[in-house]
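Since the structure comes first, as structure tokens, the remarks are kept for the end.
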Amino acid sequence: MAESFVLNTGARIPSVGLGTSQAEPGVVGKAIYAAVKVGYRHIDCAPAYHNEKEIGMALKKLFEDGVVKREDLFITSKLWSGNQAPEDVLEGLETTLEDLQLDYLDLFLIHAPLRSKKGATPTPENFLPIDIPATWGAMEKLYNSGKARAIGVSNFSCKKMEDLLAIARVPPAVNQVESHPIWQQIKLRELCQSKGVHLSAYSPLGKARSPGSERPTVLSNPIVISVAEKLQRTPAQVALRWGLQMGQSIIPKSTNEARIKENLNIFDWSIPEDLMAKFSEIQQVKMLRAEFVVHPQGIFKTVEDFWDGEI
Ligand SMILES: NC(=O)c1ccc[n+]([C@@H]2O[C@H](COP(=O)([O-])OP(=O)(O)OC[C@H]3O[C@@H](n4cnc5c(N)ncnc54)[C@H](OP(=O)(O)O)[C@@H]3O)[C@@H](O)[C@H]2O)c1
């Protein structure tokens, strides 16, 4: 199994990255340092996670301590909803670069097909109609400037991907979406693969420790558990390995050193074909439904509106 996938830009994206959402201040910097030391080369960031400054300090220390060079790392970040107006896109990237203490990103994504008033809390009363072609035009300029070495999208449905591909002069390199054994994204992955767009899987453990959810979880799924038992691996490793074998990069989040190592230990073994086939029996449930965007008088009246019915 390759430890990276080739993007349509010709660059390689490491197949495992460290997620940083809900990685708390005071903890995330140590997690980044530990992850890079044990071999992670991809970090998934976003201004919406409110921790890019601390990540920037950890990256600086990694470079100063000679653990890695900038060119050895693949850093992803994202454009949040308040900077979606075309004239605000460059500022979104520059703020992130300043916080991360970097000159360029390896990948810059439109975080979600969601636009809110600049500087306002992204709640339904502050949402504005989105003009994806206009935002994408501004993203293309960043790509041409070299400050974002690849550009892409996140949380885009099949419909939004097709609409974007129809107008893009620079096609998106990546669509970063939820994907794991209980939300497999079969249709979207096939579409992306057929168009040369790499699918990167967020929440690849199905947000393993989300408290209070009554939905089924990836790590308690009987098929995931039985495959893990047969292969003498943990359910988390099986879920992650499944993602790699489906051809997607994965960005599990952990701030725990033992789990950071566990999540990278998925390269010297594989899930055999007969066990991979078992995953098609798993009932599909979307974890991240984005209920926060819904309002009866708002732009998205139901979650189906936001996901173009693909939920
Ligand atoms: N583009 C988007 O809209 C979007 C949306 C969601 C997420 N993301 C990105 O994807 C990353 C990953 O997604 P996620 O954070 O939602 O969920 P996830 O990676 O599926 O799950 C993270 C949770 O699993 C726990 N965990 C990690 N390794 C484990 C293991 N080996 N065994 C048991 N539990 C384990 C973590 O706790 P500990 O830290 O305590 O280990 C954390 O609570 C995010 O951090 C973010 O970078 C992007």
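The values are calculated or read from the model by the stated rules, or taken from the named source; none is laboratory data. Just so it is clear, the structure is predicted and the values come from calculations on it, not from any experiment. Virtual Cβ from ideal backbone geometry, glycine too; neighbours counted across all protein chains shown. These area figures cover heavy atoms from the full protein model, side chains too; ligands, DNA and RNA do not enter into them. Shrake-Rupley method; radii C 1.70, N 1.55, O 1.52, S 1.80 Å.
Below are the figures for this structure:
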| read-out | value |
| --- | --- |
| Count of region 62-95 residues which are without any contact (Cβ under 8 Å) to a residue 40 or more places away in the chain, within 16 Å of the ligand (Cβ to nearest atom) and open to solvent by 10 Å² or more (accessible area, probe 1.4 Å) | 1 |
| Filtered residues of region 165-183 (kept if more than 23 Å from Cys45 (Cα to Cα) and either away from the ligand (no atom under 15 Å from the Cβ) or open to solvent by 10 Å² or more (accessible area, probe 1.4 Å) (or both)) | Leu165, Ala166, Ile167, Ala168, Arg169 |
| Filter result for Gly247 (surrounded by 22 or more Cβ atoms within 10 Å (Cβ to Cβ), modelled with pLDDT of 95 or more and within 19 Å of the chain's Cα centre (by Cα)) | no |
| Qualifying residue in region 45-61 (condition: among the small types (Gly, Ala, Ser), open to solvent by 10 Å² or more (accessible area, probe 1.4 Å) and within 14 Å of the ligand (Cβ to nearest atom)) | yes |
| Among (1) surrounded by 13 or more Cβ atoms within 10 Å (Cβ to Cβ); (2) in contact (Cβ under 8 Å) with a residue 60 or more places away in the chain; (3) of a type outside the set (Asp, Glu) - the single one Gln284 does not satisfy | (1) |
| Selected residue (criterion: farthest from Val303 (Cα to Cα)) from residues of region 109-124 that are hydrophobic (A, V, I, L, M, F, W, C) and in a strand (DSSP E or B) | Leu109 |
| Qualifying helices (runs of 4 or more DSSP H) (wholly inside region 186-258; at least 3 residues being within 11 Å of the ligand (Cβ to nearest atom)) | 235-245 |
| In region 1-22, the residues that are open to solvent by less than 30 Å² (accessible area, probe 1.4 Å) and either near the ligand (Cβ under 10 Å from one of its atoms) or in a loop (DSSP other than H, G, I, E, B) (or both) | Leu7, Ser15, Gly17, Leu18, Gly19, Thr20 |
| Count - residues of region 23-45 that are over 15 Å from Gln176 (Cα atoms) and not in a loop (DSSP other than H, G, I, E, B) | 11 |
| Any pair with Cβ under 8 angstrom, 6 or more apart, that starts in region 239-255 at a residue that is under 25 Å from Glu229 (Cβ atoms) and among the charged types (D, E, K, R) and ends at one that is open to solvent by 10 Å² or more (accessible area, probe 1.4 Å) and more than 8 Å from the ligand (Cβ to nearest atom) | Arg241/Arg233; Arg241/Trp269; Arg241/Ser270 |
| Sole exception among (1) among the β-branched types (Val, Ile, Thr); (2) closer than 21 Å to Val177 by Cβ; (3) surrounded by fewer than 16 Cβ atoms within 10 Å (Cβ to Cβ) for Ile110, by number | (3) |
| Which numbered condition Pro25 misses (of (1) within 26 Å of Arg289 (Cα to Cα); (2) more than 12 Å from the ligand (Cβ to nearest atom); (3) crowded, with 16+ Cβ neighbours inside 10 Å) | (3) |
| All positions within region 26-45 that are at positive phi and modelled with pLDDT of 95 or more | Gly39 |
| Of all residues making up region 263-281, the number that are open to solvent by 30 Å² or more (accessible area, probe 1.4 Å), aliphatic (A, V, I, L, M) and touching a helix residue (DSSP H, G or I) at 6+ places or on another chain (Cβ under 7 Å) | 2 |
